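Below is one structure, written out as structure tokens; comments come after it.
The values are calculated or read from the model by the stated rules, or taken from the named source; none is laboratory data. Just so it is clear, the model here is predicted, and its values are computed rather than measured. Glycine gets a Cβ as well: all are built from the backbone with ideal geometry, and neighbour counts include every protein chain shown.
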Amino acid sequence: MPFLFRELLLRVSWSIVSPRGNVCARPEKCRKSPPARRLGGSAVRSLDPSRSLHRATFLALVFGCFGSDTPAKARRRFRSIQPGEYDEADPESGCVLTGAMMQPAAKHAVLQTCGVTLLLLPIAGYMWQKFTSKVASQSLSSLLAVLWTYRRTDFRGFMKSHRAAIQKGKESGDYVPGVMNYYSLMSDLITLTSGPFWHFVPMIKGLSRDESHVRFHHTLSQYLGAGKDDKVLEIGCGYGEMGRQVAKISGASVTGLTMADAEIEGGNLRIKEAGLDDRCKIVQGNYHKTEFQDASFDKVFGVYTLKYSSNLEAVFAEMARLLKPGGKFLSYEILVTDKFDSTNAEHREYVGNISTCTCMPPLWPAEAMRSAAKKAGLVPVVEEDIGAVATARPWYTCFTNGVYQILVCPLLLPFFRGAETLRLLPPAFSDWFENLLVHPTVDFVRAGRLGIISGTVVMTWQKP
């Protein structure tokens, strides 16, 4: 900070601190018409003593954040003032404020500067971490990356096609075109802001989000029970992150199945970069009806996949066809819990937003999964909420640790709308931001806190 600006801040801060021991013969007159004082050649008006502490604290904060003189140097400056040096009398009120009287206040201001600076260090460190953290961390830096990366996107056209797909899905029960349209834009955005991990996992206490995901990869591989000689199919694989992890951990050969062209191209590129192209591949197909031969796989699994299906019976029948005798099907899903009350408007809003914003059919309850598996002839093996353990924080904690607080800020959307008006952001950016980022993110958190949905349930079945 330049010397002159630092000097001005120091002098203004000193001038507004109400000195201890200052006695005024007409205090009521002082408060109505504060006397002017001269300090270092600049006229400064004294303040209501009842507010002086707060104002001094504020300017001490300014010193602490922007770097004034060191406390020792400031203390020497204050002590150098001689009695009478800055004596000033107000002719109207008759008040006199002497340099000697200012010395206790000066000491008080220095102490405040030191104390407030120490108090602000953790806050400053936290904000610095949020601004400089990696982009794929669901943090403030992620939001800034979104604003820059998508500043020329046609959000108006995208939102029009998105709403048309939702309506078509509700009318026909076929949500596949809508899901593909959704991920044509959102695949890269989710990867940008969240990295390769698109699903919720148990947030283990003492571990970071990335470390919790690494542990989840091993947990899922254990439940799947794949070996190095097994052929594994991942349905609805996205970019194939989970399939690559299963291949690394178990040594199995993994085929990923998705419908999105961008995910096939991007996923196979990542497989090659990981050096797993001899064991992994991604192909195009609809998991409701695939082109694979009967009994092609030892294991089949899906992570956050069946929430996109409007026909569970068709999915489980196809999984039963693809599995070898003794083979296992694993599903890790977002499910509606028994606490969900369909007559509760708040419950319906949160759960409905999660489905509508992502162009999905309504979320399934666990009982619907059990019923469809039974009809397909699959035998239940495990049903467990792996997040319901003492060592784990709630699965939605990945949002509440950063991005949730940003998205619920009431000033954010008006700011974006204003930026659209000024053409700093593309048209319909705020519409897209509200309906595809704010929602369903905040709905996941609120529904999770109410316990009406679960994001960490593992269910497995075996083919007899």
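Being in contact (Cβ under 8 Å) with a residue 60 or more places away in the chain and of a type in the set (A, V, I, L, M) is the filter; apply it to the stretch 392-426 and report the residue that is nearest to Trp198 (Cα to Cα).
Val403
Given the options Phe415, Phe444, name the one that is surrounded by fewer than 16 Cβ atoms within 10 Å (Cβ to Cβ) and of a type in the set (Phe, Trp, Tyr).
Phe415
Can you tell me which residue in the stretch 366-412 is surrounded by the most Cβ atoms within 10 Å (Cβ to Cβ), limited to those that are within 22 Å of Asp431 (Cα to Cα), in contact with a helix residue (DSSP H, G or I) (Cβ under 9 Å, 6 or more places away or on another chain) and aliphatic (A, V, I, L, M)?
Here the residue is Val403.
Picking from Lys281, Lys307, Lys299, which residue would you name as being more than 26 Å from Gly227 (Cα to Cα) and touching a helix residue (DSSP H, G or I) at 6+ places or on another chain (Cβ under 9 Å)?
Lys307
Evaluate the following for Ser310: is it among the polar types (S, T, N, Q) and touching a Lys or Arg at 6+ places or on another chain (Cβ under 8 Å)?
Against the criterion (among the polar types (S, T, N, Q) and touching a Lys or Arg at 6+ places or on another chain (Cβ under 8 Å)), Ser310 does not qualify.
Does Glu211 satisfy the condition of being surrounded by fewer than 22 Cβ atoms within 10 Å (Cβ to Cβ) and assigned by TED's automatic domain parsing to the domain that holds Ile282?
Taking the combined requirement at face value, the residue satisfies it.
Residues in the stretch 252-271 that are within 22 Å of Asp210 (Cα to Cα) and either among the charged types (D, E, K, R) or not in a helix (DSSP H, G or I) (or both): how many?
Total satisfying the criteria: 2.
What strands (runs of 3 or more DSSP E), lying completely within the stretch 276-391, carry at least 3 residues that are free of Cβ contacts under 8 Å to residues at least 40 places away in the same chain and in the same structural domain as Val438 (by TED's automatic domain parsing)?
Answer list for the stretch 276-391: 280-284.
Would you confirm, using the coordinates I've provided, whether Glu346 is of a type outside the set (S, T, N, Q) and either over 19 Å from Asp443 (Cβ atoms) or surrounded by 14 or more Cβ atoms within 10 Å (Cβ to Cβ) (or both)?
So Glu346 fails the test.
Considering only the stretch 205-243, state which residues are of a type in the set (Lys, Arg), farther than 22 Å from Gly387 by Cα and either under 27 Å from the mean Cα position of the chain (by Cα) or modelled with pLDDT under 95 (or both). Can you show your working first?
The first filter runs over the stretch 205-243 and keeps only residues of a type in the set (Lys, Arg), leaving 205, 209, 215, 228, 231.
Now drop any that are not farther than 22 Å from Gly387 by Cα, which leaves 228, 231.
Of everything in the stretch 205-243, just one residue is of a type in the set (Lys, Arg), farther than 22 Å from Gly387 by Cα and either under 27 Å from the mean Cα position of the chain (by Cα) or modelled with pLDDT under 95 (or both), namely Lys228.
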